[in-house]
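S.K.: Below you will find the structure I want to go over with you.
The values are calculated or read from the model by the stated rules, or taken from the named source; none is laboratory data. Remember, it's a predicted structure, so these values are computed and weren't measured experimentally. Cβ: placed from backbone, ideal geometry, glycine included. Neighbour counts: every protein chain shown.
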Amino acid sequence: MPQTVRCPICKKEVPFDAPEMPFCSKRCRLLDLGNWAAEKYVISTPAHIPDEEESDDSEGPKR
């Protein structure tokens, strides 16, 4: 039995070797692209990237 995933848009089973994987169809792929373009997907909080000065201080004293 081939491995499958669920389409993120319509939740149908999609085999790994499907041409539109992880989507079940071109329609679902385009709907997902439209969601990105309409900014429906957001990252809840930005990742904290420490400054170089912060990372130098956290390493301890230099020799």
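S.K.: Taking segment 5-16 as the region of interest, how many residues are loosely packed, with under 13 Cβ neighbours inside 10 Å and part of a strand (DSSP E or B)?
M.R.: So the answer is 3.
The rows are residues; the columns are (1) at pLDDT below 95; (2) assigned to a loop (DSSP other than H, G, I, E, B); (3) more than 19 Å from the chain's Cα centre (by Cα).
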site: Ala18; (1), (2), (3): yes, yes, yes
site: Cys24; (1), (2), (3): no, yes, no
site: Leu31; (1), (2), (3): no, no, no
site: Glu39; (1), (2), (3): yes, yes, no
site: Glu53; (1), (2), (3): yes, no, yes
site: Asp57; (1), (2), (3): yes, no, yes
site: Gly60; (1), (2), (3): yes, yes, yes
